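What follows is a single structure, written as structure tokens, with notes after it.
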Amino acid sequence: MTIDPASEREAMDAYSAVVTSVAAQLTPRVAALRMQSGRGESAGSAVVLTGESHLVTNAHVVGGASSGTAEFADGTEAHVDVIGRDRLSDLAVVRADREVPSPPEYGDADSLLVGSLVVAVGNPLGLSGTVTAGVVSALGRSMPARTRTAARLIEDVIQTDAALNPGNSGGALADSRGRVIGINTAVAGVGLGLAVPINATTHRIIHALMHDGRVRRAYLGLVSTPAPLTPALAERLGQRSALRVVEVVEDSPAASSGLRAGDLVLAVDGVSLGDAQSLQKRLFADAIGQRIEVTVLRNGALVDAVAVPTELAD
């Protein structure tokens, strides 16, 4: 098939127009972040979050620091204090001591499709307005995160081929309309980057960081992995996947409830589960100390176990 050169130029012009429009919207709203702690300096990017001078970035960018500086593309510099950090989502919120540019529009990463155009905007090491573009190359990726006492998978991570470098961490990943749909978090390999999605779950995390300084989570003590159901089971149960219990932590709420390795977790309180995120969404502060009913498939039979989650230690 022969491609008309004029049509190709029009397509490239349209692509360029989208990227330059997004860059113009976001570049003033992404700051270069430098954080100071007893272990030295760390650097990355941060995105304006609210009209009250909050910015969102990565937890690994702020590290153990309590304060630092944010510098914007126009040369404005502000002192920032860390309001909250959550290593299990790799998100953190800082607040500037002066007025900053107005926040961009935030979108919903759950509406993304593989192949969607995305633009990454960072401010690495003061090189203001570093902009790269690409597509969503994969959705639903997982990325491990851990603290001294806990480990968890960050679910539904966005994978993109928009070029990233370490200084882009904490910067914005935007859709073609300039809406921030992710916070760039890691370079996954040559030509591949990862971003924490902006969706209902991360909005809840960010809200907790802004108001409480931390995220309280409920703890069951299950290590699980998604598992497809056989066609016969899927037809019988009305769902195609479940969570296979790989390990039950000793002396945990899950162990006390009688859950066992090998169980297939189908539902919690009657709500079907198909992936780790659907379980993690239920394990926030309001589940601590509350009775939950876990339905599992064990040796071909449905079994209900009652568990009372405790608070996950930070």
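Points worth noting:
- Annotation: of all residues in the stretch 226-258 being β-branched (V, I, T) and not in a strand (DSSP E or B), the one that is surrounded by the most Cβ atoms within 10 Å (Cβ to Cβ) is V249.
- Hits in the stretch 77-132 - residues which are at positive phi, out of contact with any Asp or Glu (no Cβ under 8 Å at 6 or more places or on another chain) and assigned to a helix (DSSP H, G or I): L125
- Subset of the stretch 281-298 [at pLDDT 90 or above and in a loop (DSSP other than H, G, I, E, B)]: I288, G289, Q290, R291
Condition check ((1) in contact with a Ser or Thr (Cβ under 9 Å, 6 or more places away or on another chain); (2) at pLDDT 90 or above; (3) under 23 Å from D81 (Cα atoms)) across all residues:
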position: A163; (1), (2), (3): yes, no, no
position: G167; (1), (2), (3): yes, no, yes
position: L173; (1), (2), (3): yes, yes, no
position: V190; (1), (2), (3): no, no, no
position: L194; (1), (2), (3): yes, yes, no
position: A208; (1), (2), (3): no, yes, yes
position: D212; (1), (2), (3): no, yes, yes
position: V215; (1), (2), (3): yes, yes, yes
position: Q239; (1), (2), (3): yes, no, no
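- Subset of the stretch 41-58 (residues that are closer than 11 Å to V93 by Cβ and without any contact (Cβ under 8 Å) to a residue 40 or more places away in the chain): none
- For the condition over 30 Å from V135 (Cβ atoms), open to solvent by less than 10 Å² (accessible area, probe 1.4 Å) and not charged (D, E, K, R), A92 does not qualify.
- Candidate set: the stretch 158-176, residues that are touching a helix residue (DSSP H, G or I) at 6+ places or on another chain (Cβ under 8 Å) and surrounded by fewer than 20 Cβ atoms within 10 Å (Cβ to Cβ); chosen: the one farthest from D90 (Cα to Cα): S176
- In the condition set (1) out of contact with any Lys or Arg (no Cβ under 9 Å at 6 or more places or on another chain); (2) under 13 Å from S224 (Cβ atoms); (3) of a type outside the set (F, W, Y); (4) in contact (Cβ under 8 Å) with a residue 12 or more places away in the chain, R260 is compliant with all but (1).
- Qualifying residues in the stretch 13-40 (those that are without any contact (Cβ under 8 Å) to a residue 12 or more places away in the chain and either under 20 Å from D74 (Cα atoms) or in contact with an Asp or Glu (Cβ under 8 Å, 6 or more places away or on another chain) (or both)) - the one most open to solvent (accessible area, probe 1.4 Å): T20
- Test: residue in the stretch 142-154 that is modelled with pLDDT of 90 or more and outside any loop (DSSP other than H, G, I, E, B): no
- Of residues in the stretch 267-311 being farther than 14 Å from T201 by Cβ and hydroxyl-bearing (S, T, Y), the one farthest from the chain's Cα centre (by Cα): T295
- Pair list, Cβ < 7 Å and 6+ apart or interchain, from the stretch 101-123 residues that are open to solvent by less than 60 Å² (accessible area, probe 1.4 Å) to residues that are among the small types (G, A, S) and part of a helix (DSSP H, G or I): V119/A23; V121/A23; G122/G167
- Test: residue in the stretch 262-280 that is open to solvent by 50 Å² or more (accessible area, probe 1.4 Å), assigned to a strand (DSSP E or B) and among the hydrophobic types (A, V, I, L, M, F, W, C): yes
- Taking the criterion of being surrounded by fewer than 19 Cβ atoms within 10 Å (Cβ to Cβ), farther than 17 Å from N123 by Cβ and not small (G, A, S), the residues of the stretch 41-82 that qualify are T50, E52, D81.
- Of all the numbered requirements in (1) open to solvent by less than 40 Å² (accessible area, probe 1.4 Å); (2) out of contact with any helix residue (DSSP H, G or I) (no Cβ under 7 Å at 6 or more places or on another chain), N299 misses one, and that requirement is (1).
- The listed residue being over 28 Å from R204 (Cβ atoms), modelled with pLDDT under 95 and within 27 Å of the chain's Cα centre (by Cα), out of A59, A65, A73: A73
- V215 meets the stated requirement of being assigned to a loop (DSSP other than H, G, I, E, B), buried (at least 16 other Cβ atoms within 10 Å of the Cβ) and of a type in the set (V, I, T).
- Any hit, the stretch 34-41, residues being modelled with pLDDT of 85 or more and under 19 Å from A163 (Cα atoms): no
The values are calculated or read from the model by the stated rules, or taken from the named source; none is laboratory data. Source: prediction; values computed, not measured. Neighbour counts run over all protein chains shown; Cβ positions are idealised from the backbone, glycine included. Please note that ligands, DNA and RNA were not included when accessible areas were found on the heavy atoms of the full protein model with its side chains. Shrake-Rupley method; radii C 1.70, N 1.55, O 1.52, S 1.80 Å.
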